[in-house]
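All remarks here apply to the structure that follows.
The values are calculated or read from the model by the stated rules, or taken from the named source; none is laboratory data. Remember, predicted model here, so these are calculated numbers, not experimental data. No Cβ is skipped: glycine too gets one built from the backbone with ideal geometry, and neighbour counts run over all protein chains shown. Please note that ligands, DNA and RNA were not included when accessible areas were found on the heavy atoms of the full protein model with its side chains. Shrake-Rupley method; radii C 1.70, N 1.55, O 1.52, S 1.80 Å.
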Amino acid sequence: MSAKRFIQLFVCYFASIVVAILLANVFPITNQWVYMLVVSIIGYIVLTVPLTIMTVMKKK
């Protein structure tokens with residue numbers, strides 16, 4: 001894996017965590033398990049979209 005690809009993956013991973021936490025804080029969730037579930041789902045969605053786009057662009 002090249003350094004450029006490693007940095008791209010790290011940026012996507014970090015951004016997915018930040019966005020997921022910020023979006024989850026918008027909802028009034030009091031239960032910690034529900035909060036972690038919502039953060040996980042949002043983070044997964046936010047992470048897979050740019051990685052899929054990067055993979056498609058790499059194959060072109």
Notebook entry, point to check: Out of all the residues in segment 50-60, which are touching a helix residue (DSSP H, G or I) at 6+ places or on another chain (Cβ under 9 Å) and either open to solvent by less than 80 Å² (accessible area, probe 1.4 Å) or at pLDDT 90 or above (or both)?
Noted result: Pro50, Leu51, Met54
Next item on the list: State the number of residues belonging to segment 1-25 that are surrounded by fewer than 11 Cβ atoms within 10 Å (Cβ to Cβ) and either outside any helix (DSSP H, G or I) or on the phi > 0 side of the Ramachandran plot (or both).
Entry: 2
Notebook entry, point to check: So which residues in segment 26-49 are within 18 Å of the chain's Cα centre (by Cα), surrounded by 12 or more Cβ atoms within 10 Å (Cβ to Cβ) and more than 29 Å from Ser2 (Cα to Cα)?
Noted result: Val34, Tyr35, Met36, Leu37, Val38, Val39
Next item on the list: From (1) in a helix (DSSP H, G or I); (2) free of Cβ contacts under 8 Å to residues at least 24 places away in the same chain; (3) of a type outside the set (Phe, Trp, Tyr), pick out the condition that doesn't hold for Met54.
Entry: (2)
Next item on the list: Kindly list, by first and then second residue, each pair from a residue in segment 1-29 that is free of Cβ contacts under 8 Å to residues at least 60 places away in the same chain to a residue that is part of a helix (DSSP H, G or I) and exposed (fewer than 10 other Cβ atoms within 10 Å of the Cβ), limited to pairs with Cβ atoms under 9 Å and residues at least 6 apart or on different chains.
Entry: Arg5/Lys58
